[in-house]
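This report concerns only the one structure given below.
The values are calculated or read from the model by the stated rules, or taken from the named source; none is laboratory data. Treat the numbers as computed from the prediction; the structure is a model and nothing was measured. Neighbour counts run over all protein chains shown; Cβ positions are idealised from the backbone, glycine included.
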Amino acid sequence: MRHLTTRQFIAAAASVAALALVGPAQAQSPIVIKFSHVVAPNTPKGQGADKFKELAEKYTNGKVKVEVYPNSQLYKDKEEVEALQLGAVQMLAPSLAKFGPLGVKEFEVFDLPYILPDKAALQRITTGPIGKGLLAKLEPKGIKGLAYWDNGFKIMTSNKPMHKVADFQGMKLRIQSSKVLEAQMRALGAIPQVLAFSEVYQAMQTGVVDGNENTPSNVYTQKMHEVQKHMTLSNHGYIGYAVIVNKKFWDGLPADVKPQVEKAMDEATAYANGLSQKENDDAIVAMKKAGTTTFYELKPEERAEWMKAMEPVTADMASRVGKQLIADFQKEANAKTN
């Protein structure tokens, strides 16, 4: 029997999905939105997806059916965006770092170390012209950007303390596929390892990687604290998501359905973003209670050392991400509100 490649498998799934939309029962059949994601259901993203399902089905009176597939049940990190483009799934909420490999490198501005001082700055960016302009850049790729979902600021985890920059020397740290994150780890003296999110726990358990950077809720729900002895509360970077949909599918939604789906997305977005800080705070409390991990808060001079070590990353990535975009982003992020 001939084995299908990943792309062939996704294309076959897309063909089956397309066939499901035609036929004499089309008018009566609900419109199915397959919403795939790579994290656990009890994360902010997972709960946001479930809330969207609940609201979309409610507001459309059952004309839309949302099928949520968490924990990489359908596709892993590298496969999911291609699956969306081919129509095998209709909706995703990938991390913003995923759009660099797709060719929309401007999204990697969110990966730059210490570029976002706080959540208020994030809100100004994502709801303003910069955030909307970035989502518009996805349309030539067959993707419609609907919303930004928050996760939070990242911590560092490993099996040895990471307080000073020298502590990173030679450590194998898992990252998402991102040239910015790769440069960040190299600036610290670590060896970046690109790995699918679903494979990180086992890689830590077997020593394939020494540690990683992620948000507390992701670390906790993937049980990484069971195989990582040390965590540094560094808040050195940010993880967020863009909820995206296959553009052809979105443009084809009936006029009496799309506004209700948009309303459901707006409310699910507010819900998911409201959860993220609490989920991260609760995750830290739960991991401390588990007693398997030592937590460390950076001292001001250590934080300054980390910032200095990673400072060249922003300048080095200007030609890739866009010098003007970085300048605009920093100006908006650091703007003083009345």
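I need the full set of residues from segment 323-338 which are surrounded by fewer than 14 Cβ atoms within 10 Å (Cβ to Cβ) and either part of a helix (DSSP H, G or I) or not charged (D, E, K, R) (or both), in order please.
Correct list: LYS323, GLN324, ALA327, LYS331, ASN334, ALA335, THR337, ASN338.
Scan segment 37-47 residue by residue and report those that are buried (at least 18 other Cβ atoms within 10 Å of the Cβ) and more than 18 Å from THR269 (Cβ to Cβ).
Across segment 37-47, the qualifying residue is only VAL38.
Of everything in segment 188-215, what is part of a helix (DSSP H, G or I) and over 24 Å from ARG320 (Cα atoms)? Give them in sequence order.
PHE197, SER198, GLU199, VAL200, TYR201, GLN202, ALA203, MET204, GLN205, THR206
Filter segment 258-274 down to the residues that are more than 22 Å from the chain's Cα centre (by Cα) and of a type outside the set (Lys, Arg), then identify the one that is surrounded by the most Cβ atoms within 10 Å (Cβ to Cβ).
GLN260
Hey, does segment 310-319 have a residue that's loosely packed, with under 11 Cβ neighbours inside 10 Å and out of contact with any Pro (no Cβ under 6 Å at 6 or more places or on another chain)?
Yes.
Please tell me if HIS236 is modelled with pLDDT of 95 or more, under 18 Å from the mean Cα position of the chain (by Cα), of a type outside the set (Gly, Ala, Ser) and not in a strand (DSSP E or B).
The answer is yes for HIS236.
Which numbered condition in (1) surrounded by fewer than 18 Cβ atoms within 10 Å (Cβ to Cβ); (2) outside the structural domain of LYS132 (by TED's automatic domain parsing); (3) of a type outside the set (Gly, Ala, Ser) is the only one that HIS230 fails?
Against the list (1) surrounded by fewer than 18 Cβ atoms within 10 Å (Cβ to Cβ); (2) outside the structural domain of LYS132 (by TED's automatic domain parsing); (3) of a type outside the set (Gly, Ala, Ser), HIS230 comes up short only on (1).
Among the residues of segment 242-257, write down those that are surrounded by fewer than 22 Cβ atoms within 10 Å (Cβ to Cβ) and touching a Lys or Arg at 6+ places or on another chain (Cβ under 7 Å).
Within segment 242-257, LYS247, TRP250, VAL257 qualify.
Conditions first: (1) free of Cβ contacts under 8 Å to residues at least 24 places away in the same chain; (2) under 23 Å from GLY240 (Cβ atoms). GLN169 passes all but one, so which condition is the exception?
GLN169 satisfies all of (1) free of Cβ contacts under 8 Å to residues at least 24 places away in the same chain; (2) under 23 Å from GLY240 (Cβ atoms) except (2).
Would you check if there is a residue in segment 216-230 being part of a helix (DSSP H, G or I), free of Cβ contacts under 8 Å to residues at least 12 places away in the same chain and over 20 Å from the mean Cα position of the chain (by Cα)?
No, segment 216-230 contains no residue that is part of a helix (DSSP H, G or I), free of Cβ contacts under 8 Å to residues at least 12 places away in the same chain and over 20 Å from the mean Cα position of the chain (by Cα).
When segment 48-80 is examined, which residues are found to be of a type in the set (Val, Ile, Thr), free of Cβ contacts under 8 Å to residues at least 60 places away in the same chain and surrounded by 21 or more Cβ atoms within 10 Å (Cβ to Cβ)?
VAL66
For segment 86-100, indicate whether the set of residues that are surrounded by fewer than 20 Cβ atoms within 10 Å (Cβ to Cβ) and under 22 Å from SER178 (Cα atoms) is non-empty.
No: segment 86-100 contains no residue that is surrounded by fewer than 20 Cβ atoms within 10 Å (Cβ to Cβ) and under 22 Å from SER178 (Cα atoms).
Which pairs do you get when a residue that is of a type in the set (Phe, Trp, Tyr), found in segment 278-298, comes within reach of a residue that is part of a helix (DSSP H, G or I) and surrounded by fewer than 19 Cβ atoms within 10 Å (Cβ to Cβ), reach meaning Cβ atoms under 9 angstrom, with the pair 6+ apart or on two chains?
Partner pairs satisfying both residue conditions: PHE295/LYS288.
Among the residues of segment 225-232, is there at least one that is under 20 Å from ASP210 (Cα atoms) and acidic (Asp, Glu)?
Looking for residues that are under 20 Å from ASP210 (Cα atoms) and acidic (Asp, Glu), one finds at least one in segment 225-232, hence yes.
Condition check ((1) within 16 Å of LYS160 (Cβ to Cβ); (2) modelled with pLDDT under 95) across all residues:
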residue	(1), (2)
GLN176	no, yes
ALA183	no, no
PRO192	no, no
TYR201	no, no
THR221	no, yes
VAL227	yes, no
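Which one of these is part of a helix (DSSP H, G or I) and either in contact with a Ser or Thr (Cβ under 8 Å, 6 or more places away or on another chain) or of a type in the set (Gly, Ala, Ser) (or both): ARG303, ARG320?
Result of the check over ARG303, ARG320: ARG303.
Please verify whether ALA88 is at pLDDT below 95 and in contact with a Gly (Cβ under 8 Å, 6 or more places away or on another chain), treating the condition exactly as stated.
So ALA88 fails the test.
Quick one: in segment 281-299, which of the residues that are assigned to a helix (DSSP H, G or I) and among the aliphatic types (A, V, I, L, M) is surrounded by the most Cβ atoms within 10 Å (Cβ to Cβ)?
Among residues in segment 281-299 that are assigned to a helix (DSSP H, G or I) and among the aliphatic types (A, V, I, L, M), the one surrounded by the most Cβ atoms within 10 Å (Cβ to Cβ) is MET287.
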